[in-house]
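What follows is one structure encoded as structure tokens, with my remarks underneath.
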2 protein chains.
Amino acid sequence: MVKKDWKEIVKESRARRDMTIPEKWRVDFSNEKSASIMHFATEGHPLVSERQKEITTLSAGALLQAIKDKKYTCVEVCEAFAVRACIAHQLTNCVSEFFIEEGLETARKLDEYYERTGQLWGPFHGLPVSVKDHFHLAGHLLNTGFTAWADFRNKPEDEDGIFKELRKAGCVFFMKTHMPTSGMVLETTSNLWGNVYNPYNRKVTSGGSSGGETIMISMYGTPMAIGTDGAGSIRCPAGFCGNYSLKPTSGRFDYTGQSNYAPNQVIVPGVPGPICRSLSDVKLMSKFLIDVEPWTNDPNAVAIPWRESVLPEKLTIGLLKWDGVAMPHPPIQRALREVRQKLEAAGHEVYEFEMPFDCEEAMKVTMNIYFQSGFAEGKKLLAETGEPLMPALEQLFRFYNIDRELTGSESFKLAAQRNKYRKQFLTAWKDTATKTKSGRPIDALMCPISPGAAFAHDLFPWWGYTSLFNMLDYPGITLPIKGCFSDKTKDPKDTNYTPVGPWDKYTYDQYDPDLFHGTPISLQFVGKRFFEEDLLQISQVLDKVVNNVDN
Amino acid sequence: MVKKDWKEIVKESRARRDMTIPEKWRVDFSNEKSASIMHFATEGHPLVSERQKEITTLSAGALLQAIKDKKYTCVEVCEAFAVRACIAHQLTNCVSEFFIEEGLETARKLDEYYERTGQLWGPFHGLPVSVKDHFHLAGHLLNTGFTAWADFRNKPEDEDGIFKELRKAGCVFFMKTHMPTSGMVLETTSNLWGNVYNPYNRKVTSGGSSGGETIMISMYGTPMAIGTDGAGSIRCPAGFCGNYSLKPTSGRFDYTGQSNYAPNQVIVPGVPGPICRSLSDVKLMSKFLIDVEPWTNDPNAVAIPWRESVLPEKLTIGLLKWDGVAMPHPPIQRALREVRQKLEAAGHEVYEFEMPFDCEEAMKVTMNIYFQSGFAEGKKLLAETGEPLMPALEQLFRFYNIDRELTGSESFKLAAQRNKYRKQFLTAWKDTATKTKSGRPIDALMCPISPGAAFAHDLFPWWGYTSLFNMLDYPGITLPIKGCFSDKTKDPKDTNYTPVGPWDKYTYDQYDPDLFHGTPISLQFVGKRFFEEDLLQISQVLDKVVNNVDN
């Protein structure tokens, strides 16, 4: 049955991938032993010129303006990010394929066009965007982490949705990042490509499945990234690496032009969304993705144009300190406390919110929804090359008894349970109006992204703080708390804490102040369904209060 | 296993139901042999006073104005519709329970409130609305056609969504209509309540599953009705009885506060919508259902407020003459021809549209989506009392091999097939812009509702013209073609026609000019997803051109 041994495929794939790094930019970092390699991003690297540093540290918005002002050509912009991306990859292992010559060729055409016509090609003229594995890009790899698909490449006609629009808008593509086997792991790891490392702290994961996107944003390998999120795959990596991101309500952005190892299940659908270095870039991309009228291309998109938001002068923010299942680690607790204080000091109201249902039960339902097929499609792919299941998936399947195809009746019941949770949450949110000082329902809900600042490699952590809002289908952003890192001095282990249950115990045991030291802390803010504009506007207020950043 | 014999339950239920008809309004119509009993609606009945005729023939909008102007009290309005409804039911068998005293009590309170405060209770002060079986109404029956649920009644806390809002808005409820066993039959029939008859032609069905709603609208038993539609259950009955209706895009209206024999499947979801005697009433109710902000109550509703529509001066209407599977019967073909002529004469463009995929295959996919559980929940309920499967369901299950629970993988594949069809249809619609004279994509698509004006009782007809737009999730309205009826003289059987396949042959064989004679003809107009306002506005233009009705 085995077509080709998976270990052979791995060896060939990685060798081929390594060859796509231009020779002049190949660096041997094997002697680099420090946990954080962020100095290669912030301080730079001999391969990166001062001008390239200048280009790559601009926001996407500022970069587009600079290209328009002819301060930089698209070619030099592409080259600047490409060298940065090659360094980032060689330190973290997040790319499956570089195609820098193709990117430069696009950039050259854009420069020529601008020179010749005096017109920009489109609103994103010359903007590099990193491309996650499972988006279709003409001629390039799509393998969703499976060795069986190591050689699968998309055809031009497969391109659709976001990346088709981005190409039309003048974006430049020069790399694909890889994703964990099946996408259903919250770190970026596969037998095919191996582990991906958090650039702030390589002892922990970058998060996944959009790990490549967040690393490239953190390390200036791209000015703009698009991730996808079905259980936390935008928010975990963005949060673990200190970046801004938006997971929208399903249907708000176009989700054609991508595919995974199995057909997408629709009870808790995945969504695409931007990962950026600033909220203004998140907003820039979000507005673009709505202004292209996704409902004219994606048959499941919702026809809601961009709506400018009008906020009350002072916000009422809900605070979910924990979900009753997995107590966040001390650094996250500290961040929640500090942000609360800052919000209150700025005159905003913070209202302590409690989940209206048992989040452990809700997670069981959610996991069964994800794996209605008992991972049948994935098992088939694994069997094709004989590759073993990833440890994190193996743990997940064991824990949630994922071992068989569910029946139609079971699927119906799961959807009904989802609806019940959704209704309870909507009601609880609405009912906060009777308890807040403002007399309004909370404007957004602040909560952890994950119990930890990140987690150790090859481990199945508690997904509950992100997958909850996929199951409920609420939009969420990640807000990095600038200057706030997991700190072994400030955040000792609470030796007096008594876990309330097995998940809490397991989570508690994972906290090791030394392991996490230096990992950035981010928080999640959840907004009302389909009101992404409000959530972004609220986040801008928060970014000012918390980070003193003007957007 | 059998708790109680189903025949006993039927006898008891019907006897109990008959007792809910006020004694003074019980009429023995058993000697009434004419196929059409519409003269009891149009000419009236000795039980109905002239003033009651006047009240009950008003549109909902006009009635609300008259109540506001104190021309009628809510009590006399309720009484007028109630007597009409009792007559309608006794001629067609569509009600499972009257509770007229409760309705009058509500009406009395409304009158007192208005008298005392000078204020109306709400925007629908005193408006009767008929209630379909599976909507939750405090204290009343919900049995979805199953004898096993013959005694099930909802509690006050079950009321939610549309009927909760309607109650708050001042509506008056005094009856529940019944629905076919499971709802998955396009006529209104069950072992529990028996067949329901088309008031225009009792030899054919009224359509279902919202058969009671359409009959009450046709026979002036209610000024306003809300149906539900997962495969055609609003559009078939509305069309078969010559009424206006709207099946919206899913998520546009609140769909809480209802339940069926099995949890709702979500791949092709059902939706609620109004059935009315005029388009202006359809619009009145649609705007209300959106103005209440369903997204603040139904966690799956979409946050799109009412958007006023701006139309081009002349419309471009697509025409789907047939779907390639089941050729519409001669009266429907004639209606399509005549409407086309009228539209063109009025300067609108008619563009012949063809479906971009095989509709027979699409129907197989859709049926498998509906019955992912192999009807397991229904079989269990049938077994509880030993009642047999309805003939139409039995035919459906045989034809589509519905006999087992599907697996999770199969459900995933079905959703993917749905998405493929949706994408193909969206693309085909968009691409009409390259072929129309206007250079715009079609504004709406005109097509049959069903191959026939209706169909004979206990028969499984071709659902394809309605369920197609559930699978695709496009909004559709029904437009009665005023004065256009199936006519044995004008619409002889086409003896030269050679059916293209088994479904076409089966449909062809069903056409009997004598059987259908006198059944009203209606057509379906399909609009763009989430643009219900545009579709209603377009329909008003069509209603003027086709029926000379100003809305």
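The values are calculated or read from the model by the stated rules, or taken from the named source; none is laboratory data. Please read these numbers as outputs of a predicted model, since none were measured by experiment. Glycine also receives a Cβ, built like all others from the backbone with ideal geometry; neighbour counts cover every protein chain displayed. Just so you know, the surface numbers come from the protein's heavy atoms only, side chains and all, with ligands and any DNA or RNA stripped out. Shrake-Rupley method; radii C 1.70, N 1.55, O 1.52, S 1.80 Å.
Here are the numbers for the structure shown:
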| quantity | calculated |
| --- | --- |
| Calculated FRET efficiency for the pair B:THR498/B:LYS168, C-beta based, R₀ 60 Å, to 0.05 | 0.60 |
| Lysines with Cα under 16 Å of A:LYS203, excluding same-chain neighbours fewer than 8 positions away | A:LYS33, A:LYS488 |
| Test item: Cα-centred dipole of the range B:7-296, Lys/Arg +1 and Asp/Glu -1 on Cβ, debye | 480 |
| For the protein assembly as shown, share of DSSP beta bridges that run antiparallel, in % to the nearest 5 | 70 |
| Residues in the range B:423-443 that, when all protein chains are in place, have 50 Å² or more less accessible area than the chain alone would give (probe 1.4 Å) | B:LYS423, B:LEU426 |
| Chain B - share of DSSP beta bridges that are antiparallel (%, nearest 5) | 70 |
| Note, ³J(HN,Hα) from phi for the range A:179-194, Karplus 6.51, -1.76, 1.60, rounded to Hz, x at Gly and Pro | 9, x, 3, 6, x, 8, 9, 8, 10, 10, 7, 7, 4, 5, 10, x |
| Probe 1.4 Å - accessible area at A:THR436, Å² to nearest ten | 10 |
| Antiparallel DSSP beta bridges within the range B:105-230, as percent of all bridges there, nearest 5 | 40 |
| Charge tally in the Cβ shell below 14 Å around A:MET355, where Lys, Arg are +1 and Asp, Glu are -1, A:MET355 excluded | -3 |
| Cα shape, the range B:425-472, gyration tensor, a/c 1.5 rule | prolate |
| Accessible surface of the protein assembly as shown, 1.4 Å probe, proportion on carbon and sulfur as whole % | 52 |
| Cα radius of gyration and Dmax for the range B:7-296 (Å) | 17.4, 52 |
| When chain A is reduced to its Cα atoms, the Kirkwood hydrodynamic radius in Å | 23.5 |
| For the protein assembly as shown, accessible area per residue (1.4 Å probe, heavy atoms of protein chains only), Å² | 35 |
| Farthest positive-ward along the range B:400-551 dipole, Cα basis, beta-carbon charges - from B:LEU426, B:ASN548, B:GLN524 | B:LEU426 |
| Across the identical copies, how the A:GLN424 labels are spaced - nm, sorted shortest first, 7 Å along Cα→Cβ | 4.1 |
| Listed pairs A:LYS437/B:LYS287; B:LYS11/B:LYS109; A:LYS4/A:LYS379; A:LYS247/A:LYS342; A:LYS71/A:LYS482; B:LYS283/B:LYS544 exceeding 27 Å between Cα atoms | A:LYS437/B:LYS287; B:LYS11/B:LYS109; A:LYS71/A:LYS482 |
| From phi via Karplus (6.51, -1.76, 1.60), per-residue ³J(HN,Hα) for the range A:303-314 in Hz, x at Gly/Pro | 7, 10, x, 4, 10, 5, 9, 10, 9, x, 4, 10 |
| Rounded to the nearest 10 Å², the accessible area of B:PHE399 at probe 1.4 Å | 110 |
| Helix-only CD estimate at 222 nm, as mean residue ellipticity for chain B, using -39500 (n - 2.57) per DSSP H run (n ≥ 4) | -12000 deg cm²/dmol |
| Dipole of the range B:7-296 [Lys/Arg +1, Asp/Glu -1 at C-beta], most positive-end residue of B:GLY145, B:SER245, B:PHE163 | B:SER245 |
| Interchain or long-range residues, amide H under 5 Å from A:LEU523's placed H | A:LEU479, A:ILE481 |
| Segment A:GLU54-A:PHE357, extension gain: residue separation times 0.36 nm, minus the distance between their alpha carbons | 104.2 nm |
| Cα-centred dipole magnitude for the protein assembly as shown, charges only on beta-carbon of K, R (+1) and D, E (-1), debye, nearest 20 | 440 |
| log₁₀ of I(q)/I(0) at q = 0.04, 0.08, 0.10 Å⁻¹ - the protein assembly as shown, Debye sum with one point per alpha carbon | -0.23, -0.87, -1.24 |
| Rounded FRET efficiency, nearest 0.05, which uses the C-beta distance separating A:LYS420 from A:GLU32 and R0 of 45 Å | 0.30 |
| Accessible area (Å², 1.4 Å probe, nearest 10) - B:ARG337 | 130 |
| Karplus-derived HN-Hα couplings along the range B:476-485 (A = 6.51, B = -1.76, C = 1.60, θ = phi - 60°), whole Hz, x at Gly and Pro | x, 10, 10, 10, x, 8, 4, x, 9, 10 |
| Amide proton proximity set for A:VAL95, modelled H, under 5 Å, gap of 5+ | A:HIS178 |
| Cβ-placed point charges (K, R +1; D, E -1), dipole of chain A about Cα centre in debye, nearest 20 | 560 |
| Descending semi-axes in whole angstrom, ellipsoid equivalent of the range A:415-551, from the Cα gyration tensor | 28, 22, 14 |
| FRET efficiency, A:LYS488 to B:GLU313 (Cβ-Cβ, R0 60 Å, nearest 0.05) | 0.25 |
| Contact surface A-B: accessible area buried, both sides summed, square angstrom, 1.4 angstrom probe | 3300 |
